[in-house]
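First comes the structure, then the notes that go with it.
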């Protein structure tokens, strides 16, 4: 934790700016450069910055859940998004389904799952090194 | 025909409900017995020959196929019927135990797996359920996990049965390959043609190993008595009445296909007889009630295996009758041993005396079960014994002598377990013993009484249960009705001789037992001790190997990994003649040349700089340079990712550098530095050679073009890279993120141990 007033004061805004940017990158990914993988990394950067400024315990409070739990939710979401094809249409797992005429389909929860796993993975690795007392 | 698959699958679906529900309301535990009772009725009402199949893994030919015939009906009835009694008993036996819900959930899982295994009509489905029973058995033997003895027994049971299961899997795959199908009914329909297949000996031996391990055949019998560390309901249910009979079941199931093979007959009769003898001697030697019963179970299992090996209608009938008889009396005796243990505080047969007056109902149930075990006239046990003798007399050589001795030993066990503890003067410590609550008594009384009922009225089960099951073992109807007098005066004489010899040995057992127990060489050179030595040897090898391979130097690991991967790759490249230079293409633009210079400078600086912090920054220069290079080549997504990864990596490295005592710049000595430089240069050269070789292969644009064209119509996305990640190759991505999460899990565990601030 770097003890700096400027960092501490700006941490929250940088965090939410990063999260907002990461969600934007995540959602535009299907048509422009971006996607869940990059989005997850950008989001992780925001949280890492926050942890540097205010210490990992504060960051964990913002996260609510353990990074691993977010990763687990993401994995379930990604795997679950492959099920409709299998169960409803007897197609191979992870054949994405799209709503007629709308850019909404099972690829979106899949990409959100990727986002969450990457975020959880990065934070689970980095946070323990940023000066929290190991649990 | 939905009732048939519902039998195992319904039970399977109940497992989480049981665990969750009973945790909240443990008082509901006795009502769980309604589940096996309902399944019992379902099995009873499902017609013979019912079939059900659903494609499960069509590419591998695995089907969710179930079938009910005489043999599987007998087993399913035993599993559900005895299950009902055992569930009721277990709820009372472990009343107030904080983990009762877990115990009953695993017991439900076990029952579901057993039903699945005996109803499965697909070899691989059967195997899956088979292994599930091993896992459930592991958890149940180790239920008292705080006892080292229970943990060892659980591990031993699992190791033996699963190792056998592995051999069996190979056998089943060979069998499916030889028969051209995994459907059991289709395999059996081929008759004895399979016996002539060149792979038949392998199939027989491999499958037999699995069955022998599961059914505790000599020399793999030693895990069963140790499994008595489990609570008594488990011993009664898994380790006498049902699970250990699964090996017998599979042998019986496949018997029609292989009965013509001399190897099959010899293996089954030989191993079965050896098991009978070993079990009988060890049963006489044992003092602990439950272990004594376990050894006699080993004897019974050996008998069953030998009977299946004898190809004769009478032998098949004898096997079925004995199977039923044994399940009834043995489950009952185990439950009674549990009651005695609980009430009198010991299971030592030498100490237990005179409980009869204080526990009259328990004593009566024990007497009924014991008489059936000893084969007293009027009990169904008598039929089993007559059939056994008739069959065994038909096989000359030593089988009749073995049969006489073994049956006498069974009489002794019946006496010592079912009669002796209740006879004579009351023991001193047994002062508080009294009959237990009704819930504990119902199951042993009903099971023991059934032995008498079926003995008096054999027509109840003869045509409905016994004949169809025996016919399935034989592969054709037996035409034998239970209750017809079998054998002649020779069998009668032998039967009485066994009873007499048994009674004599029982009266002298108090003196006989110490002599037998004194034979310590049976323990020293027995397979149990051998198992212990083998396990210790495995540990010793693992420790020695770990000490050599994992010295603890991170630098050493890194060097070994790099050297192995790149030297290996380069070796293959050279050996296969893959070294090649790509055709000269258009020259790179000035921007790219400048970037290449930056990257090169960063790499050199990383090598030359002394301070770690400076090295990190220099390495970052390489990373960002490569990222910008990607950008100039039009790979926006790649550049994007490269930048974010690079930033995260720098933050992480700087954070570590700030926290860990890495202040000493570089402790390597000159020779080490030279060696590292050599390694780095080698890795770089190998990597360059590989890249050049890759680029020299003409680029086939087919896939690129297809993906570019298909991205919008097929996947509704214009960003081809992302479409590939989330759609075209989504399954790969799923695997990758799963790996990421596993790595994060592992890292979290490791960092929790050693990541504390230094």
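The values are calculated or read from the model by the stated rules, or taken from the named source; none is laboratory data. Note that the coordinates shown come from a computational prediction; the quantities given were computed from them, not determined experimentally. No Cβ is skipped: glycine too gets one built from the backbone with ideal geometry, and neighbour counts run over all protein chains shown.
Brief remarks follow.
- Within region B:720-746, the set of residues being at the interface with another protein chain (Cβ under 8 Å from one of its Cβ atoms), more than 30 Å from the chain's Cα centre (by Cα) and without any contact (Cβ under 8 Å) to a residue 24 or more places away in the chain comprises B:723, B:725, B:726, B:727, B:730, B:733.
- Condition check for residue B:132: in contact with a helix residue (DSSP H, G or I) (Cβ under 7 Å, 6 or more places away or on another chain), surrounded by fewer than 24 Cβ atoms within 10 Å (Cβ to Cβ), under 21 Å from residue B:235 (Cβ atoms) and free of Cβ contacts under 8 Å to residues at least 40 places away in the same chain: yes
Residue-by-condition table, conditions (1) more than 22 Å from the chain's Cα centre (by Cα); (2) without any contact (Cβ under 8 Å) to a residue 40 or more places away in the chain; (3) crowded, with 20+ Cβ neighbours inside 10 Å:
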residue	(1), (2), (3)
B:44	yes, yes, no
B:47	yes, yes, no
B:53	yes, no, no
B:57	no, yes, no
B:62	no, no, no
B:85	yes, no, yes
B:88	yes, no, yes
B:98	yes, yes, no
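One line per residue, one yes/no per condition, for (1) within 13 Å of chain A (Cβ to nearest Cβ); (2) over 18 Å from residue B:594 (Cβ atoms):
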{"site": "B:615", "(1), (2)": "no, yes"}
{"site": "B:619", "(1), (2)": "no, yes"}
{"site": "B:625", "(1), (2)": "no, no"}
{"site": "B:633", "(1), (2)": "no, no"}
{"site": "B:640", "(1), (2)": "yes, yes"}
{"site": "B:647", "(1), (2)": "yes, yes"}
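- Of all residues in region A:36-48, those that are farther than 19 Å from residue B:725 by Cβ and either at the interface with chain B (Cβ under 7 Å from one of its Cβ atoms) or modelled with pLDDT under 90 (or both) total 2.
- In region A:49-68, of all residues being facing chain B (nearest Cβ under 10 Å) and assigned to a helix (DSSP H, G or I), the one that is modelled with the lowest pLDDT corresponds to A:52.
- Members of region A:69-84 found to be facing chain B (nearest Cβ under 10 Å) and either exposed (fewer than 14 other Cβ atoms within 10 Å of the Cβ) or more than 18 Å from residue B:740 (Cα to Cα) (or both), listed by number: A:81, A:82
- Members of region A:21-35 that are within 10 Å of residue A:115 (Cα to Cα) and facing another protein chain (nearest Cβ under 7 Å): A:35
- Filter pass, residue B:291 being in contact with a strand residue (DSSP E or B) (Cβ under 6 Å, 6 or more places away or on another chain) and farther than 30 Å from residue B:180 by Cα: no
- Region B:604-630: number of residues that are surrounded by fewer than 16 Cβ atoms within 10 Å (Cβ to Cβ) and more than 22 Å from residue A:125 (Cα to Cα): 6
- Region B:422-440, subset touching a helix residue (DSSP H, G or I) at 6+ places or on another chain (Cβ under 6 Å) and assigned to a helix (DSSP H, G or I), residue surrounded by the fewest Cβ atoms within 10 Å (Cβ to Cβ): B:439
- Flag for residue B:756 being at the interface with chain A (Cβ under 7 Å from one of its Cβ atoms), under 16 Å from residue A:81 (Cβ atoms) and at pLDDT below 85: no
- Among the residues making up region B:144-173, those that are farther than 30 Å from residue B:52 by Cα and over 16 Å from the mean Cα position of the chain (by Cα) are B:144, B:145, B:146, B:147, B:148, B:149, B:150.
- Test: residue in region A:103-112 that is surrounded by 24 or more Cβ atoms within 10 Å (Cβ to Cβ) and either more than 9 Å from every other protein chain (Cβ to nearest Cβ) or closer than 18 Å to residue B:741 by Cα (or both): yes
- Unique residue being at pLDDT 90 or above, surrounded by fewer than 24 Cβ atoms within 10 Å (Cβ to Cβ) and touching a strand residue (DSSP E or B) at 6+ places or on another chain (Cβ under 9 Å) when the list is B:169, B:124: B:124
Results for (1) more than 28 Å from the chain's Cα centre (by Cα); (2) in contact (Cβ under 8 Å) with a residue 40 or more places away in the chain; (3) in a helix (DSSP H, G or I), shown as yes or no for each residue.
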position: B:469; (1), (2), (3): no, yes, yes
position: B:473; (1), (2), (3): no, yes, yes
position: B:480; (1), (2), (3): yes, yes, no
position: B:493; (1), (2), (3): yes, no, yes
position: B:497; (1), (2), (3): yes, yes, yes
position: B:532; (1), (2), (3): no, no, yes
position: B:547; (1), (2), (3): yes, no, yes
position: B:557; (1), (2), (3): yes, no, yes
position: B:560; (1), (2), (3): yes, no, yes
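- Residue match in region B:600-612 (condition: out of contact with any helix residue (DSSP H, G or I) (no Cβ under 8 Å at 6 or more places or on another chain), outside any helix (DSSP H, G or I), away from chain A (no Cβ under 14 Å) and under 28 Å from residue B:719 (Cα atoms)): no
- When residue A:93 is tested against (1) within 10 Å of chain B (Cβ to nearest Cβ); (2) under 30 Å from residue B:58 (Cα atoms); (3) within 21 Å of the chain's Cα centre (by Cα), only condition (3) is not met.
- Options B:30, B:5; residue that is out of contact with any helix residue (DSSP H, G or I) (no Cβ under 6 Å at 6 or more places or on another chain), in contact (Cβ under 8 Å) with a residue 12 or more places away in the chain, surrounded by fewer than 23 Cβ atoms within 10 Å (Cβ to Cβ) and part of a helix (DSSP H, G or I): B:5
- Unique match (being more than 23 Å from residue B:465 (Cβ to Cβ), in contact (Cβ under 8 Å) with a residue 12 or more places away in the chain, more than 26 Å from the chain's Cα centre (by Cα) and part of a helix (DSSP H, G or I)) among B:318, B:337: B:337
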